[in-house]
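The values are calculated or read from the model by the stated rules, or taken from the named source; none is laboratory data. The model shown is predicted, which means the values in this text are computed figures rather than measured ones. Using ideal geometry, Cβ is built from the backbone for each residue, glycine included, and neighbour counts are taken over all protein chains shown.
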Amino acid sequence: MNIEEYILLHSDAEPEYLAKVNRATHLKLINPRMCSGHLQGRVLSMFCHMIKPKRVLELGTLTGYSALCMAEALPEDAVLHTIECDEELEDFILQNFAGSDHGYKIKLHIGDALTEIKKLDEIFDLVFIDADKREYLAYYEAILPKLIAGGFILADNTLWDGKVLKAVDSNDKQTIEIMKFNDFVAKDSRVEKVMLPLRDGLTIIRKR
């Protein structure tokens, strides 16, 4: 037994409908490890229980697993906007939302995240960033004005499989941009922040 298995044994079980989404993701996608999965899903749900946001934005839906984890913990009158760039996943995502009692809280947007963010006339309590790593800093600057004071940003993959500690190839744009994002946020006085070694790195950012 490894440490993650031990952690999962001592955390809430994965809801059955999410286990089905996880299995279907592994069957359908070439790179299913991009799915948040059981541990991170329970963390996202717990954060939503703690923060009690009414307006949530997610960048990077994939197959809807993380959106569903957050939706289950949201109040009945809350809305979660999630943006996915891959239009071929739309039907699969909507099918997964339909399989949950909480799917009605979620509004799916298909398109480029930066373009879709501009269209949203909302002020958010919580934002989860898990889209194109090359655009993390651009996402951050686009959403910060749309975040309430005291609101939270959760940025996923900020340790990027440990590549942030290694010499970086000049062609490795994803790692380079993740490192730029991490360095920028660390020095940004507009926010408080803490990076957690959860899964592939999760940075919690609170707007002052």
| query | Would a scan of region 161-170 turn up a residue that is at pLDDT below 95, farther than 22 Å from residue 61 by Cβ, of a type in the set (S, T, N, Q) and not in a helix (DSSP H, G or I)? | reply | yes
| Do any helices (runs of 4 or more DSSP H) lying entirely in region 75-154 carry at least 1 residues that are out of contact with any helix residue (DSSP H, G or I) (no Cβ under 7 Å at 6 or more places or on another chain) and closer than 28 Å to residue 28 by Cβ, and which ones are they? | 90-98, 113-119
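Condition check ((1) in contact with a helix residue (DSSP H, G or I) (Cβ under 7 Å, 6 or more places away or on another chain); (2) under 17 Å from residue 82 (Cα atoms)) across all residues:
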| position | (1), (2) |
| --- | --- |
| 22 | yes, no |
| 30 | no, no |
| 34 | no, yes |
| 51 | no, no |
| 64 | yes, yes |
| request: Examine region 9-27 for a residue that is within 17 Å of residue 154 (Cβ to Cβ), surrounded by 13 or more Cβ atoms within 10 Å (Cβ to Cβ), at pLDDT below 95 and of a type outside the set (Phe, Trp, Tyr), and state whether such a residue exists. | output: no
| said: What are the pairs with Cβ atoms under 7 angstrom where one residue, in region 31-58, is closer than 20 Å to residue 104 by Cβ and in a helix (DSSP H, G or I) and the other, located anywhere, is among the small types (Gly, Ala, Ser) and modelled with pLDDT of 95 or more? Sequence gap at least six, or different chains. | reply: 41/66; 44/66; 45/73; 48/73; 49/73
| request: Determine whether region 36-47 contains at least one residue that is surrounded by fewer than 18 Cβ atoms within 10 Å (Cβ to Cβ) and not hydrophobic (A, V, I, L, M, F, W, C). | output: no
| Identity of the residue in region 180-199, charged (D, E, K, R) and assigned to a helix (DSSP H, G or I), that ends up surrounded by the fewest Cβ atoms within 10 Å (Cβ to Cβ) | 187
| said: Give me the residue from region 110-144 that is farther than 14 Å from residue 55 by Cβ, free of Cβ contacts under 8 Å to residues at least 40 places away in the same chain and not aliphatic (A, V, I, L, M) and, out of that set, surrounded by the most Cβ atoms within 10 Å (Cβ to Cβ). | reply: 116
